[in-house]
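Just below is one structure, and these are the notes that go with it.
The values are calculated or read from the model by the stated rules, or taken from the named source; none is laboratory data. Quick caveat, the model's predicted, so the values are computed rather than measured. Cβ placement follows ideal geometry from the backbone for every residue including glycine, while neighbour counts extend to all protein chains displayed.
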């Protein structure tokens, strides 16, 4: 039952189109990070650059990232004023395992 509760929280995290865009952008990488050397941040995505790319405010992006991180979908690493993001593949595997059970039925 606890696992289903965690999955429900995960699906809630997916319920916003900006969150889906954030997941997609973090997964794809490639956003030009304005904070790192040579225009990149060591294959990580910065919240600042997500806000710029999505054309929404930094507080709004931070809220969405917090929801995604609380659901375990993103890993965040704070450096100075900024947070850098990476996909948490383990959480996506859990989701995939659950969906595979339904598909195979």
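Being surrounded by 14 or more Cβ atoms within 10 Å (Cβ to Cβ) and farther than 14 Å from residue 46 by Cα is the filter here, so list the residues in the range 70-97 that pass it. Of everything in the range 70-97, those that are surrounded by 14 or more Cβ atoms within 10 Å (Cβ to Cβ) and farther than 14 Å from residue 46 by Cα turn out to be 71, 72, 73, 88, 91, 92, 94, 95.
Being modelled with pLDDT of 70 or more, in a loop (DSSP other than H, G, I, E, B) and buried (at least 16 other Cβ atoms within 10 Å of the Cβ) holds for only one residue in 25, 31, and it is 31.
Is at least one residue of the range 46-55 closer than 25 Å to residue 100 by Cβ, assigned to a strand (DSSP E or B) and at pLDDT below 95? No, the range 46-55 has no match at all. When the range 67-105 is filtered for residues that are part of a helix (DSSP H, G or I), more than 12 Å from residue 23 (Cα to Cα) and either within 15 Å of the chain's Cα centre (by Cα) or at pLDDT 95 or above (or both), the ones remaining, listed by number, are 70, 90, 91, 93, 95.
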